[in-house]
Structures are given as structure tokens and as C-alpha cells.
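Accompanying notes for the structure given below.
Just so you know, all these numbers are worked out from the coordinates, no wet-lab data involved. Just so you know, these numbers come straight off a predicted model, no measurement behind them. Here Cβ is always computed from backbone atoms with ideal geometry, including for glycine, and neighbour counts include all displayed protein chains.
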Amino acid sequence: MAAADFRSGFIAVCGRPNVGKSTLVNQLVGQKVSITSRRPQTTRHRILGIKTTTDSQLIYVDAPGVHQGGGGSMNQYLNRAATGSVEGVDCVLLVIGASGWADEDVPALELARRQACPVVLVINKIDRLTDRSRLLPLIQGSRDKMAFAEIVPVSARTGENTPALEAAVMRYIPQHPAQFPADQVSDRSDRFMAGELVREQIFRSFGQEIPYAVSVMIDSFRREPRLIRIEATILVEKEGQRAILIGTDGARLKETGRRARLEMQKLFGSKVYLGLWIKVREGWSDDARVLRSLGYGDDV
Ligand SMILES: Nc1nc2c(ncn2[C@@H]2O[C@H](COP(=O)(O)OP(=O)(O)O)[C@@H](O)[C@H]2O)c(=O)[nH]1
Ligand SMILES: [Mg+2]
């Protein structure tokens, strides 16, 4: 195809925490670029997911969820990261759940209303609906909220109807040359992803006993002839949290490490050795300076 016909643009994915934004980006990109879990605030950094075909390059911006929260440093950071990610994009996907509009959707709706670009409403998790006829009134009622360019019901988890969503998005993407190499799927390094995959397993295996103020530092990441050797430190706020993460005889830490290592091997296509350590750093999630040193603050 003629280079002049190539399309490329940025698409911001916004919505309340836990509505399925990261799952949707992974599904649209066709590869895991962002970690997901049942817990709100799993996504802490803005991450790009890049899908390149012969005639287009779609760059999805997966942002932390927009939420009403307290005034702590972490909450402020998350909201700034969420609002900053929609600026200057070609299209916004506003994601809500198939069970309908909730109060928690209002901050994201207001963010979407402020944008000049087309906003596509994505109704996610339709696989959970036993009665599909309930979608019709939801679609009709949604038209009163704002002038959506399109309304597309999908299941980010199963991929149902996501091709239709991609086709909708393409209508708002301008002619533009590719902005990333064709084989690049994310703007994040393997090192960053390694830390995220550890965090994902912690969020998936532990409930409220481990608050979201847990962070992972990659101390070293080395490619050796037969494997990738990774040393990581899990940073928690309290001694008690360290004990929970370790578990009896270290069993839980071992299992967390095993699962993260398997995910890393899948992502990197290589054997992985993972060394995991835990450190206690009291009150770090409310300390703006420590947040910066961990990388929060560079990408807003
Ligand atoms: N049943 C169902 N669950 C979904 C779907 N999309 C996401 N989820 C689940 O919803 C939870 C939150 O997803 P996540 O992508 O992390 O949400 P985010 O906070 O908006 O990024 C996870 O447990 C996902 O597996 C979907 O289409 N159907
Ligand atoms: Mg997310």
C-alpha cells in the first residue's frame, strides 16, 4: 500500500478503576502489555500498547483509573497520570461495565466530556450478561450522557466484538506514518515489565491483607547465554506485611515468585531465574520523594 495511506494515532483508554481497561488494551494489542487484577489501582503508570499492521499503527494509552479518592500522594499521582494521558490523543475510549452506569463512572465521563476528539463508549464485560436484551436500553440511555461518536459493547476478556471496536477506532485515526518500530508492542522496557509481573502476582494472590502500597524494584536484570537472571525487591510498608508475603516457611513468597517467573518466561520467550527479596520501608506511599525515586512522577 502507498505510504501516504498509512494511518497512525493515539487512543486513550479511560474509565473507573477495575472496569477492564488494561484487559482491553492487552486484547486489542494481542499481547500482554499491562498487568491486570481484580483489585482497583493495579495500573499505576501510563503504558502504551502498540498494534502495528501493514496499513496502520494504533497506539493505545492505558492509564490508571480515574477515581475520587483521598488526598494522599499516591492518589494524586494516579489521577494526574490518568488525566494527563488523554491530552492530545486522536480518540478516547470511555469504558463502562455492562451492568450499567455507576457513580464511579462520573469522573471519567467528565474527563471524556472535556476532550475535543471523538469519544467512543465501550460497554465491557458483556460475557457476564445472561440477558443480552438489556444492552439495548443501556445503549439508548447512554446517548443522553454525551454525544458519543460510537457505542460498542465488547468482552475484553473473551475478545467478543473487539474487532468491531478496532474498526470503529480506525475511523478516527489520521493518515500518519508509523511512530514506533513495527515490532515494538509497548513503550516499557523488559526490566519494567518484570517488576510489573511480580506486582501482578501479589495483587492476584493476596487480598486486602496486602494494601496497594506495595512496590517492586528490579535490582538487576541480566541476559546470560541460557537465561535471564533477575533480582527483585518487594517494598512493603509494615513488618506484618512482610510476614504475610513470606508465609509459612516461605511458601507464599515461593509461589508468588514461581507464578511471576512463568509469566516472565512467556513474555520474554526465554528461561528466567528470579530472586525475590522483601524490604520494609515505613509509610513510603505517602512520601512524595520516595514516590519519585521509584519512578512515579516521570510520566505525567
Ligand atoms: N468477565 C469479565 N471480566 C473482565 C473483562 N475485562 C476485564 N475483566 C476483569 O476485571 C478485572 C479488572 O480488569 P483490569 O483490566 O485490571 O481493569 P482496569 O483497572 O480498568 O485496568 C480483572 O479481574 C479482569 O480479569 C471482561 O470482559 N469480562
Ligand atoms: Mg489497569
- prompt: By how many nm would the segment from R258 to F6 grow when fully extended, if each residue of separation counts as 0.36 nm and the alpha-carbon distance is taken off?
  reply: 86.5 nm
- prompt: Considering only DSSP states other than H, G, I, E and B, which GluC sites (Glu not before Pro) in the range 190-225 qualify as loop sites with at most 11 other Cβ atoms within 10 Å?
  reply: E209
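Would the range 137-226 count as rounded, prolate or oblate if I go by the C-alpha gyration tensor, calling it rounded below 1.5 in a/c and otherwise prolate when a/b exceeds b/c, oblate otherwise? Could you put the intermediate results ahead of the total?
On the way: a/c = 2.91, a/b = 1.48, b/c = 1.96.
Verdict is oblate for the range 137-226.
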task: Please report, in whole Å, how far the alpha carbons of the range 190-293 spread along each principal axis, starting with the longest.
output: 40, 33, 19
- prompt: In whole percent, what relative contact order does the chain give with Cα contacts below 8 Å and a gap of six or more residues?
  reply: 19
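For the chain, which longest stretch is free of loop sites, where a loop site is one of the trypsin sites (Lys or Arg not before Pro) that DSSP puts outside H, G, I, E and B and that has at most 13 other Cβ atoms within 10 Å? Display every interim value, and only then the final one.
Details: sites that count: R38, R114, R143, R171, R226, K271.
The answer is 39-113.
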Zone of F180's modelled label, taken as backbone nitrogen in the range 1-37 under 18 Å from a point 7 Å along Cα→Cβ: 7-14, 21-36
- line: In nm, the gap between the two label points placed 7 Å beyond Cα toward Cβ at E209 and A102 is 2.5
message: Cut-off under 19 Å on the C-alpha distance; same-chain residues fewer than 8 positions from K254 excluded. Which aspartates and glutamates are left, in chain and number order?
response: E196, E200, E209, D219, E231, E239, E263
task: Write down Rg/Rh for the range 111-170, rounded to two decimals, with Rg from the C-alpha atoms and Rh from the Kirkwood relation over Cα pairs.
output: 0.98
query: Percent antiparallel among DSSP beta bridges with both residues in the range 190-293, to the nearest 5?
result: 45
- prompt: For the chain, what is the mean residue ellipticity at 222 nm derived from helices alone (per DSSP H run of n ≥ 4: -39500 (n - 2.57); sum divided by total residues; nearest 500 deg cm²/dmol)?
  reply: -9500 deg cm²/dmol
- line: Percent antiparallel among DSSP beta bridges confined to the chain, rounded to 5, stands at 35
Pairwise FRET efficiency - R226 versus Q76, Cβ, R0 = 35 Å, nearest 0.05: 0.20
E160-M146 pseudo-label distance in nm [points 7 Å out on the Cα-to-Cβ vector]: 2.7
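Using 0.36 nm per residue of separation minus the Cα-Cα distance, give me the extension gain between E87 and M170 in nm, one decimal. Can you show the working numbers first?
Details: separation 83, 0.36 × 83 = 29.88 nm, distance 1.87 nm.
Extending this stretch completely gives an extra 28.0 nm.
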message: Could you tell me which residue out of V214, L245, V198 lies farthest along the dipole of the range 190-293 toward its positive end? Charges go on the beta carbon: Lys and Arg +1, Asp and Glu -1, centred on the Cα centre.
response: V198
statement: Cα extents of the chain per principal axis, largest first, Å, are 55, 45, 40
